[in-house]
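Below you'll find the structure, written out as C-alpha cells, and then a few comments.
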Amino acid sequence: MSTTATPTVAGLAWQRRRRAAARFWAQYRTHRAGLAGLVALVLLALLALTAPWTVGSDVASVTGAPGRPLQSPSGEFWLGTDRFGRDLLGLLVWGSRVSLLVGLLAAVLSVTIGAVVGITAGHFKGAYATVLMRVTDWFLVMPTLVLAIALATVMSRSLGTVVLAIGVTTWPTTARLVRAQTLAVESRPYIERAKALGGGHGHIMTRHVLPNVMPLVLAQTTLMISSSILAEATLAFLGLGDPTVVSWGGMLQEAREAGAVSSGDWWYLVPPGIAIAGVALAFTLCGRAVEAVLNPRLGVTW
C-alpha cells in the first residue's frame, strides 16, 4: 500500500509561489545596482528600527540637549549639533523612522488608488472609464506639489495629513499604467472563456486581472516610495509637516530657519540632504531592478 500523500491544491499553490520567489531572487541578484540598493535599504531599515535603543527617544529633547548650539563635527558629536545643541547624528537616525514610514505609507496609498482606478477603468470601459480617465488627466496636468501643498495647508499639520496629501495627488501615473495592462490582459482568450463560464466582474478582476498586473504594481510601488520620501521632505522643508516629530525634511527646514546657509554651517544641511538623496537613489535602483526582472524585454542589465 502506497504511503505517498497526494498534494492538496493549497500545497501545490504554495510550491508554485516558492519556486516563483526563488526564480525572482535568482534573477534579481544578477542586477548589481539593484542588489546594492537593497543592501543599503536593509541596513537603513535596521538602523531605523533599532533607533530607540541606539540613540534613545530623548534625542529630540530641546531641554536635555547634550552640546552647545551649532558645534562643528568633532569626536564627541560626529555630525555636530543643531541650533539647540542636539546631536545631529542622533537626529538623523531618529528622523529616518519618520521619513521611511511616511514614504512607504504614501506610496502604498498612491499605488492602491491608482491600481483600483486603472483596473476598474480597464474592465468596465464605457462612460465610467471615460469619466475616470478625464479625472486622471486632470490630476496629471495639475502640478502635484501644488496640490499637495494645498491639501497640507487646509488640513491639520500631522503625519497623516502628509501621507494623505502625497497619496491622493500622485496616483494618476499608476492608474494609466495599470489600465493599459488591464486592457491587454482582458483581450486574451481565457478571459472570454471565464466570462462564458459565468465569471462575474469581481471574479474577473480579482482572479484574472489583478494577478497579471501585480508585477507592474510592485515595481511601481518601489519607484513611488522614493518620490514620496522626496515629497515628504519638500513639505517638511516648507513648514507643512508635523512640527512635533523629527524628519529629514524637518531638519533641513530648521537649518534654513537657523541661517545655516548664510553662516556656513554645512554640517547642519549636508547630512539630511545626503540621506534623502541616498534613500531615494536606493529605492530607485531597487525599483528598476524589480522592473527589469518582471519585464525582461526592458533589457536592463546594470
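The condition of being open to solvent by 60 Å² or more (accessible area, probe 1.4 Å) and in contact with a helix residue (DSSP H, G or I) (Cβ under 6 Å, 6 or more places away or on another chain) holds for only one of 294, 285, that being 294.
Starting from residues that are without any contact (Cβ under 8 Å) to a residue 24 or more places away in the chain and touching a Gly at 6+ places or on another chain (Cβ under 9 Å), keep the ones in segment 69-83 and report whichever is most open to solvent (accessible area, probe 1.4 Å). Among residues in segment 69-83 that are without any contact (Cβ under 8 Å) to a residue 24 or more places away in the chain and touching a Gly at 6+ places or on another chain (Cβ under 9 Å), the one most open to solvent (accessible area, probe 1.4 Å) is 76. Quick check on my filter: what residues within segment 122-173 are in a loop (DSSP other than H, G, I, E, B) and at positive phi? Matches in segment 122-173: 125 only.
For segment 27-85, the set of residues classified as assigned to a loop (DSSP other than H, G, I, E, B) and among the aliphatic types (A, V, I, L, M) consists of 55, 62, 65, 70, 79, listed by residue number. Which count do you get for residues in segment 1-31 that are modelled with pLDDT of 85 or more and under 17 Å from residue 295 (Cα atoms)? Total meeting the criteria: 10. Could you check, for segment 265-282, whether at least one of its residues is not in a helix (DSSP H, G or I) and not β-branched (Val, Ile, Thr)? Yes, because at least one residue in segment 265-282 is not in a helix (DSSP H, G or I) and not β-branched (Val, Ile, Thr). Of the candidates 282, 275, 289, 258, the single residue that is under 14 Å from residue 220 (Cα atoms), of a type in the set (A, V, I, L, M) and touching a residue at least 12 places away in the same chain (Cβ under 8 Å) is 289. If you go through segment 179-218 and keep only what is acidic (Asp, Glu) and either closer than 18 Å to residue 128 by Cβ or at pLDDT 85 or above (or both), you end up with just 186.
Checking the conditions here, which among 108, 146, 117 is open to solvent by 60 Å² or more (accessible area, probe 1.4 Å), out of contact with any strand residue (DSSP E or B) (no Cβ under 9 Å at 6 or more places or on another chain), in contact (Cβ under 8 Å) with a residue 40 or more places away in the chain and of a type in the set (Val, Ile, Thr)?
Details: 146 fails: in contact (Cβ under 8 Å) with a residue 40 or more places away in the chain; 117 fails: open to solvent by 60 Å² or more (accessible area, probe 1.4 Å).
The unique qualifying residue is 108.
The values are calculated or read from the model by the stated rules, or taken from the named source; none is laboratory data. Small disclaimer: the values here were computed from a predicted structure and weren't measured. Heads up, the Cβs are rebuilt from the backbone with ideal geometry, glycines too, and the neighbour counts pull from every protein chain shown. Surface accessibility is based on the protein's heavy atoms, side chains included, excluding ligands, DNA and RNA. Shrake-Rupley method; radii C 1.70, N 1.55, O 1.52, S 1.80 Å.
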